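The values are calculated or read from the model by the stated rules, or taken from the named source; none is laboratory data. The structure displayed is predicted, hence computed values, not measured ones. Note that each Cβ is placed from the backbone with ideal geometry, even for glycine, and that neighbours are counted across all protein chains shown. All accessible areas refer to the heavy atoms of the entire protein, side chains included, with ligands and DNA or RNA removed. Shrake-Rupley method; radii C 1.70, N 1.55, O 1.52, S 1.80 Å.
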Amino acid sequence: METLAPSDEALCKRVAERDGGAFDDLVERYQERAYRIAWSIVRDREDAKDCSQEAFIRLHESAGTFAGQAKFSTWFYRILVNCCLDHQRRRRGWRRLLGWGGGAEEGESDPIERQPAPFIDPIEAVGAERHMSQIWEAVEELSPQQRTAVLLQCREELSTKEIAAVLHLSEATVRVHLHRAYTTLKRRFGEQS
């Protein structure tokens with residue numbers, strides 16, 4: 001007889017009761033997504049790992065505060081985004097103090113583009129891959145909030161309401177960010193046609 005896997009919310013409750021196995025299950029479920037979201041904000045491989053690890057530490061410490069008023073994923077993504085924003089504030093202060101520049105290291109590729117695609121005709125795949133690569137390159141040029149909103153909607157399939165909770169913005173502001181992002185992308189790809 002198959003048993004259903006416990007929900008994220010049930011696992012979080014067990015984490016609050018200090019069940020180490022439940023914590024491991026949540027880490028396994030959310031590790032890759034946490035990294036992708038963190039990377040979309042901080043733009044550095046090691047910093048994204050650090051931020052996602054910090055988010056899991058905060059999850060472990062504050063699991064008892066999860067009230068269940070939102071989905072677990074929304075609550076956890078909010079923790080993750082806060083870790084990333086805290087990291088950027090700390091980093092910005094040091095960079096300003098030391099006069100360092102910023103930017104991605106040469107040769108780094110977007111983890112989103114490394115995700116496997118479903119099987120399709122190889123000839124179609126080349127064109128589709130090129131097109132998706134161009135789209136994600138254009139997404140990279142959006143403002144951080146627009147980029148994060150697009151990632152949460154397209155990759156994580158969150159609703160506008162959930163994105164608003166994660167980014168700690170109003171739904172109207174999220175809709176504005178998404179509208180502006182998609183308008184920019186449409187304009188860019190309309191010009192290339």
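Calculated accessible area for the range 6-59 comes out at 48 Å² per residue, all protein chains present (probe 1.4 Å; ligands, DNA, RNA ignored). A full extension of the chain between Lys161 and Leu85 corresponds to an added length of 25.3 nm, given 0.36 nm per residue minus the alpha carbon distance. The accessible surface of the range 140-191, taken with every protein chain in place and a 1.4 Å probe, is 51 percent carbon and sulfur. Estimated from the Cβ-Cβ distance and a Förster radius of 22 angstrom, the FRET efficiency linking Ala138 and Ala172 is about 0.35. Length available on full extension from Gln31 to His131: 0.36 nm per residue minus the Cα-Cα distance, which gives 33.2 nm.
Using a probe radius of 1.4 angstrom, the carbon and sulfur fraction of the accessible surface of the range 36-94 is 49%.
Each peptide in 60-73, 26-39 receives the mean, over its residues, of other Cβ atoms within 10 Å, and ordering these scores from highest gives 26-39, 60-73.
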